[in-house]
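Working notes for the structure below.
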Amino acid sequence: MTQNTSISSAPQSRPATARRAGPLTGHMDVPGDKSISHRALMLGALAVGTTRIEGLLEGEDVHATAAALRAMGVNVVQDAPGIWHVDGVGVAGLHAPDDVLDLGNSGTSARLLCGLLAGHGFTAIMTGDDSLRKRPMNRVIAPLRDMGVRVETREGGRMPMSFTGTDSLLPIEYTLPVPSAQVKSAVLLAGLHAPGKTTVIESIATRDHTERMLTHMGAEIVIEETPTGRRITIAGQAELSPANVTVPSDPSSAAFPAVAAAIVPGSEIRLTGIGMNPARIGVFTSLAEMGADITYTHERSEGGEPVADLTIRAAALTGVRIPAERAASMIDEYPVLAMAAACASGTTVFEGVGELRVKESDRLAAIETGLQACGVEVTTDADSITITGCGGPPPGGATIATHLDHRIAMSFLVLGMASENPVSIDDIRPSETSFPGFADAMRALGADITEGNPA
């Protein structure tokens, strides 16, 4: 008898290719905001009672958060597509998990969960996929150590890590050394458990979804604009009330069809219910400065967040200089905006983007090597990227290494929709992290995206 000695292997990659086709037209329902979806689940878990969430993003990152909360005793249930409820256990009600918390590719899950766990006197082991294990956690660990938690990591502050909270947290006043909504949120979530008041100071405002949702659920939050920056103070040992949460469509995900429509001649698309939080719309401001034709209608508020419908039409784009102070409002959108810059006339400079070096991949390097392979002139340094646009369709014709990065994968497929020659990526699977069904949604607008090895 022949013995089967094979072992299971990692899921196979799924190459994909985008080609020029006709104009993109029609309407797209963009998935729910990833940042808000994570926070709705986590704050719902800390409330006393049931929180109902409508429009939750059902991507892999958000599923990782849901699974981690379930492992710590929280009832998280999907009632229908996009509609979930969370039976909260209270601010100090989580239980020690029986197993390692595997957070997949989700840096948001890892960093914000540190804030949730800080006020619990048990140890949790956290890990993730190969990409997440390369991402440093020191920025979020440092202030939480000041509050009294114990953390052990691999060299360089990398996961897997052992995180031990305490029921005797100390309130702190912490100035963010670099803009980071994740670090800010972790400290504020930890501050819920600490007696007295915990304050975070940011010199450059970052996305404020955590503050908005904490307020929505009854936390005492005070925000002050001062000469030294924005001071956010939370009163600890509070009780959160359950609330209904409507998750707007993700502006980060909307950026992909928006840029595609801007650079594919003759296109006109409509995106509905897009989150218009001022700390998140730098990409649309930048596109408009480049000459994109964007119209905002039906502006409204949903669940404490500003929302609008967007119509984007193709237009001739021109290179611009995007200042460093805008980076916090569009840090995840630089990869796809780089595709717009590649099609623009003149030179585009992104300043203050060093943070892209430590995202799901080294995004500066991925943008540089990918665009160069597609015939676009690009240079980078430690904190900036300069792209000399082609004034029309770039040559294309390359296969791009995505490095398991969802935004690199989708960005270069967008470029392929406008290039002279097809652009392929080595793996479309990472797009499921934030934009489930991305290829199908783009095909419904008229894009030509095929899966499988390019001919």
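The values are calculated or read from the model by the stated rules, or taken from the named source; none is laboratory data. Small disclaimer: the values here were computed from a predicted structure and weren't measured. When we count neighbours, we look across all protein chains shown, and the Cβ atoms used for this are built from the backbone with ideal geometry, even at glycine.
Here is a yes/no grid of residues against (1) surrounded by fewer than 24 Cβ atoms within 10 Å (Cβ to Cβ); (2) free of Cβ contacts under 8 Å to residues at least 40 places away in the same chain; (3) out of contact with any Lys or Arg (no Cβ under 8 Å at 6 or more places or on another chain):
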{"position": "Ala316", "(1), (2), (3)": "yes, yes, yes"}
{"position": "Gly319", "(1), (2), (3)": "yes, no, yes"}
{"position": "Ala338", "(1), (2), (3)": "no, no, yes"}
{"position": "Gly346", "(1), (2), (3)": "yes, no, yes"}
In region 166-186, is there at least one residue being outside the structural domain of Leu337 (by TED's automatic domain parsing), surrounded by fewer than 18 Cβ atoms within 10 Å (Cβ to Cβ) and under 21 Å from the mean Cα position of the chain (by Cα)?
yes
Restricting the search to region 362-372, which residues are surrounded by 17 or more Cβ atoms within 10 Å (Cβ to Cβ) and touching a strand residue (DSSP E or B) at 6+ places or on another chain (Cβ under 7 Å)?
Leu364, Ile367, Glu368, Gly370, Leu371
Residue check: is Tyr296 buried (at least 24 other Cβ atoms within 10 Å of the Cβ) and hydroxyl-bearing (Ser, Thr, Tyr)?
no
Within the bounds of region 396-404, is there any residue that is more than 28 Å from Ser35 (Cβ to Cβ) and in contact (Cβ under 8 Å) with a residue 40 or more places away in the chain?
yes
Which ones in region 270-305 are assigned to a strand (DSSP E or B), within 25 Å of Glu325 (Cβ to Cβ) and under 18 Å from the mean Cα position of the chain (by Cα)?
Ile274, Gly275, Glu305
Which one of the conditions (1) modelled with pLDDT under 95; (2) farther than 21 Å from Phe163 by Cα; (3) crowded, with 18+ Cβ neighbours inside 10 Å does Asp61 fail to meet, given that it meets all the rest?
(2)
Only one of these is modelled with pLDDT of 95 or more and under 25 Å from the mean Cα position of the chain (by Cα): Thr450, Thr348, Thr388, Thr433. Name it.
Thr348
Based on this model, can you work out whether Thr233 counts as part of a helix (DSSP H, G or I) and not assigned by TED's automatic domain parsing to the domain that holds Ala447?
no
Members of region 373-385 found to be at pLDDT below 95 and buried (at least 17 other Cβ atoms within 10 Å of the Cβ), listed by number:
Thr380, Ser384
Determine which single condition Gln78 fails, assuming it passes every other condition in (1) over 26 Å from Ile408 (Cα atoms); (2) touching a strand residue (DSSP E or B) at 6+ places or on another chain (Cβ under 6 Å); (3) buried (at least 17 other Cβ atoms within 10 Å of the Cβ).
(3)
